[in-house]
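Asker: Input: one structure, supplied below.
The values are calculated or read from the model by the stated rules, or taken from the named source; none is laboratory data. All values derive from a computational prediction rather than experimental measurement. For neighbour counting, all protein chains shown are included, and Cβ atoms are generated from backbone atoms with ideal geometry for every residue, glycine included. Note: areas computed on protein heavy atoms with side chains; ligands, DNA, RNA excluded. Shrake-Rupley method; radii C 1.70, N 1.55, O 1.52, S 1.80 Å.
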Amino acid sequence: MKDLKSLIMFFTLFSFAIPVTQAHAISGGESQDGGIGNTEHYLDQDSSMTADPKIKNIIYPLMSTPAIKKKGSSFTIQVDTQGKTPSGWGVKLQENTASQVDGEYALPVTKVEKGTSYWKDSSSIYNVTVTIPNDIPEKLYDLNISYSADGAQVSDEEPNSVKVVNEFKKDFRFIHLTDIHVGSPRNLAKPEDAAEAGFWTPDESKRWLYLQKTIREVNLLKPDFVVLTGDLMFGQMNPKEYIYEYKETYRMLKKFNVPVYVVPGNHDYYAQDATLTDGAKYWEQYFGPQYFSFDYGPYAHMIGYNSFDWDKFDRQGHGSVSVPTWGGQVRQQQVDWIKNDLAKNAETADAEQIKGLFSHHNPLWRDRDIWPSSDSQVADYWKNYDAKHDPQNLTTLLQGEVLGQKYDQQWHGEGAQQMIDLMKQYHVNLSLHGHTHIDNITKKDGILYSTTSSIELTGQPWVGYRIFQKNPASPDFSSYIYEGTERSTPVYQNGNTAAGTVSFEANYTQPNDGTQRKQTVTAVNRLNKEVTLNIPLYMKPGSYSSTEGEITESNAYGLKQWMEVKVTVPANSSKDVTIQPK
C-alpha cells in the first residue's frame, strides 16, 4: 500500500480498547474499537467490483451452517424456490474447491414437503429429505440441488456445506477461531508485519497471508468442526467497504476443508447512514442466519448466536465519523429462540452431551460492571439509560460512545444476565467468545467461559486459536490450553508474526498433484508440545504404504488417488513421511 503511514495512524486512533477493571483478564494496547474513517481501498484499483450474494435457493445447509451427517443416515435440505412450484428434484454432493479430484455422489430423495424457516421469510420453502449412501468417502462436500419450475431448470450450489462421517466420535475435537478481520488496516500497525498482512495485494495467493496460514494449519489438524465467533470483516472505513470485504471473506472461508460454523461480530454488522450499506443485510446474503444450532451426533449440541443484536439505528456510523455502539446485546426475540432450542434439546439429550453456546461478546463482561462507578459520567450514563431504557435515544447513544472511547464497550446493552441464566438452567458446559483479541479462561457456575485471541495480527499474547479435545471418559475437555493458564495455540512460531514462520507445516519434496508414485513430506512441528497432523496426498492410482504414521484415507478418482496420512510429530521436531508403492 502506498498510503501505509496513514493506515498505521488509523490503527493508532481506532484499534480496540481494554477495560481498566478487567486488566487481570484483558491485557493489551490502550486504544479503541469504534470509529469509521477514510483510507485507500480495493475499489480504487477495481471499481467494477459489485456485491455478489451467495445465498439463493439453498437456505440449509450452508457454508456457515453445515450439516455433519453419518453415512446411511437421512437429513433434510431446505430450499426456497422463490415463489415457483418445483418438481423433478435432484440432489448430489460434489468435491469441494479445496480438493484436487473430481467426484460427485447422488443423494436419493425420499420426501419433499412444504416447510418454513425461522430466519428466511418466504412462503415457498421446501423440505427435501435425502439419504447419504454408504459408499461416500468421509469428506467435506459442496451441495448441489436441481429442480424444474415453470418449464425451466433451476440449480443451486452451496460450498463446504455437508460433512460425511463414518462415525461420530466420543473423543471429538473442535477449534475456536475469532476476529479474522479481513480488510483491517490494524494488521499494518507494525510495518514488519506488512507481508503477513497481505493487505489488498493484487496477488490473491499472498492476500491475507496470516489468515491463509491459519486455514492451512486448521486443515492439517482436521478437527471435527470449527466455530468462528465474528468480526470476519473490518467494515469501518468507507460506505462501499462491505462489498469487497464480504466477497473476499467468503472466498477465504472456502479454503477450509473442515466444517465451519459462523456467527457475526460488531464489525460485520455496522450500518452507515446516508447509504444503503447495512452489514446485517450483507450477512444474510452471504452467510444466512444470525443465530442457529447444530448437533455433532449425540455428543454435542451447539448454539451460535448474534451478540451484536441492535437496531440498525444503533449500529450506524453517524456522519461517517464513528459508530456509537460496538458492545454486546441480545434482544428478546433471540433470547426466546435460544430458550426454546435448549428446551427442545433437553427432551432427548444424553446426560453426557456437551452443550455449548458461542458468540462474539462474552456476557460475563458487562459495561455496567466494568465501567468505574467512581466516574461521574458513568453514573450519569446509567441513570439516564435506566430512566429512558431506550438505546436509540440520541443522548444515550452519544454518552455511550464517549464512555466507550474511554473504557471500551464489552457487553453494552441488554440480555447478558438472561443468557447466563439460560446456560445455568439448561446445564450448558461451554461459552465461547472473541471481541477483545486476548486469551482468557473463566470458570463460573459450572460453565467454562473461553475467550480466544484474534487471528488479526493484533492478537495478545499472540495470534492464536483454541483447540478443544473432548475427554471420552468424562464430561470435560482434556485440553484447551496450549500453555500457562489460558493461552491459545499460536499460529506463528513463538507468536512471532514478523518472522512469518508458522507453528507447524507439511512440506512436499515433489508436486502434490497426482503425478507421483513416490512422495516424501517433511512434517515440521515448532510447538512446545506434540501435534498430530493429517497430511493430504494426491498420487497416481495404486497401493501404497507409509514409513511414518498411518494411511487413514485412500480413494481413487480416475487418474488420481487421494490419500491422507495421520502422523504425530513430537515437540520442536520434524518427521520425514515417505509414501511409496507396496
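Asker: Out of all the residues in the range 564-581, which are open to solvent by less than 60 Å² (accessible area, probe 1.4 Å) and assigned to a loop (DSSP other than H, G, I, E, B)?
Answerer: The answer is 571, and nothing else.
Asker: Turning to a different aspect of this structure: Restricting to the range 250-259, give me the number of residues that are within 11 Å of the chain's Cα centre (by Cα) and part of a loop (DSSP other than H, G, I, E, B).
Answerer: 2
Asker: Go through (1) without any contact (Cβ under 8 Å) to a residue 60 or more places away in the chain; (2) open to solvent by 60 Å² or more (accessible area, probe 1.4 Å) for residue 561 and report which single condition fails.
Answerer: Just one mismatch for residue 561, condition (2).
Asker: Can I ask one more? Picking from 536, 475, 511, 490, which residue would you name as being at pLDDT below 95 and not aromatic (Phe, Trp, Tyr)?
Answerer: Within the list 536, 475, 511, 490, the selection yields 475.
Asker: For residue 296, work out the one condition from (1) under 23 Å from residue 469 (Cα atoms); (2) open to solvent by 10 Å² or more (accessible area, probe 1.4 Å) it doesn't fulfil.
Answerer: Of the numbered conditions (1) under 23 Å from residue 469 (Cα atoms); (2) open to solvent by 10 Å² or more (accessible area, probe 1.4 Å), the odd one out for residue 296 is (2).
Asker: For the range 54-133, please list each of the strands (runs of 3 or more DSSP E) lying entirely inside it that holds at least 2 residues being loosely packed, with under 14 Cβ neighbours inside 10 Å.
Answerer: 86-95, 104-106, 109-115
Asker: State the number of residues belonging to the range 342-353 that are outside any loop (DSSP other than H, G, I, E, B) and open to solvent by 10 Å² or more (accessible area, probe 1.4 Å).
Answerer: Residues that pass the stated criteria total 4.
Asker: Could you list, in sequence order, all residues of the range 208-223 that are under 18 Å from residue 454 (Cβ atoms) and either at pLDDT below 95 or assigned to a loop (DSSP other than H, G, I, E, B) (or both)?
Answerer: The answer is 208, and nothing else.
Asker: Run residue 302 past the list (1) of a type in the set (A, V, I, L, M, F, W, C); (2) buried (at least 24 other Cβ atoms within 10 Å of the Cβ); (3) within 21 Å of the chain's Cα centre (by Cα) and report the number of the one that doesn't hold.
Answerer: The failed condition is (2).
Asker: Where residues in the range 320-341 are assigned to a loop (DSSP other than H, G, I, E, B) and open to solvent by less than 60 Å² (accessible area, probe 1.4 Å), which of them is modelled with the lowest pLDDT?
Answerer: 320
For every residue, the table says whether it meets (1) over 21 Å from the mean Cα position of the chain (by Cα); (2) free of Cβ contacts under 8 Å to residues at least 12 places away in the same chain; (3) farther than 30 Å from residue 577 by Cα.
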| site | (1), (2), (3) |
| --- | --- |
| 433 | no, no, yes |
| 444 | yes, no, yes |
| 469 | no, no, no |
| 479 | no, no, no |
| 488 | no, no, no |
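Asker: How many residues, within the range 205-223, are hydroxyl-bearing (Ser, Thr, Tyr) and open to solvent by 10 Å² or more (accessible area, probe 1.4 Å)?
Answerer: Count: 1.
Asker: Looking only at the range 173-204, which residues are surrounded by fewer than 19 Cβ atoms within 10 Å (Cβ to Cβ) and among the polar types (S, T, N, Q)?
Answerer: Listed by number, the list holds a single entry, 201.
Asker: Separate question: Given 226, 262, which one is outside any helix (DSSP H, G or I), touching a helix residue (DSSP H, G or I) at 6+ places or on another chain (Cβ under 7 Å) and open to solvent by less than 10 Å² (accessible area, probe 1.4 Å)?
Answerer: Answer to the selection: 226.
Asker: For the range 546-580, which positions are of a type in the set (S, T, N, Q) and under 31 Å from the mean Cα position of the chain (by Cα)?
Answerer: 552, 554, 555, 561, 568, 572, 573, 574, listed by residue number.
Asker: Also, quick follow-up: Which ones in the range 359-385 are among the polar types (S, T, N, Q) and surrounded by fewer than 18 Cβ atoms within 10 Å (Cβ to Cβ)?
Answerer: 373, 374, 376, 377, 384
Asker: If residue 388 satisfies all but one of (1) within 18 Å of residue 291 (Cα to Cα); (2) of a type outside the set (Asp, Glu); (3) touching a Ser or Thr at 6+ places or on another chain (Cβ under 9 Å); (4) loosely packed, with under 13 Cβ neighbours inside 10 Å, what's the number of the condition it fails?
Answerer: All conditions pass for residue 388, except number (1).
Asker: When you scan the range 414-529 for strands (runs of 3 or more DSSP E) that lie fully inside it, which ones turn up with 3 or more residues that are open to solvent by 40 Å² or more (accessible area, probe 1.4 Å) and under 29 Å from residue 199 (Cβ atoms)?
Answerer: Fully inside the range 414-529 and qualifying: 504-508.
Asker: Right, something else. Looking at residue 356 and the list (1) touching a helix residue (DSSP H, G or I) at 6+ places or on another chain (Cβ under 9 Å); (2) of a type outside the set (Asp, Glu); (3) open to solvent by less than 20 Å² (accessible area, probe 1.4 Å), which single condition is not satisfied?
Answerer: (1)
Asker: Let me ask something else about it. Taking the residues in the range 264-304 that are modelled with pLDDT under 95 and among the β-branched types (Val, Ile, Thr) as candidates, determine which candidate is nearest to residue 71 (Cα to Cα).
Answerer: Going through the qualifying residues, I end up with 277.
Asker: Only residues that are over 10 Å from residue 85 (Cβ atoms) and polar (S, T, N, Q): list them for the range 142-156, please.
Answerer: Those that are over 10 Å from residue 85 (Cβ atoms) and polar (S, T, N, Q): 144, 146, 153, 155.
Asker: With respect to residue 291, is the statement that it is out of contact with any Gly (no Cβ under 9 Å at 6 or more places or on another chain) and either touching a residue at least 24 places away in the same chain (Cβ under 8 Å) or open to solvent by 30 Å² or more (accessible area, probe 1.4 Å) (or both) true?
Answerer: Taking the combined requirement at face value, the residue does not satisfy it.
Asker: Further question: If a residue has to be in contact with a Lys or Arg (Cβ under 7 Å, 6 or more places away or on another chain) and either at pLDDT below 95 or surrounded by 15 or more Cβ atoms within 10 Å (Cβ to Cβ) (or both) to count, how many in the range 134-162 make the cut?
Answerer: Number of matching residues: 9.
Asker: Of the residues that make up the range 378-389, is at least one within 20 Å of residue 354 (Cβ to Cβ), free of Cβ contacts under 8 Å to residues at least 24 places away in the same chain and part of a loop (DSSP other than H, G, I, E, B)?
Answerer: no
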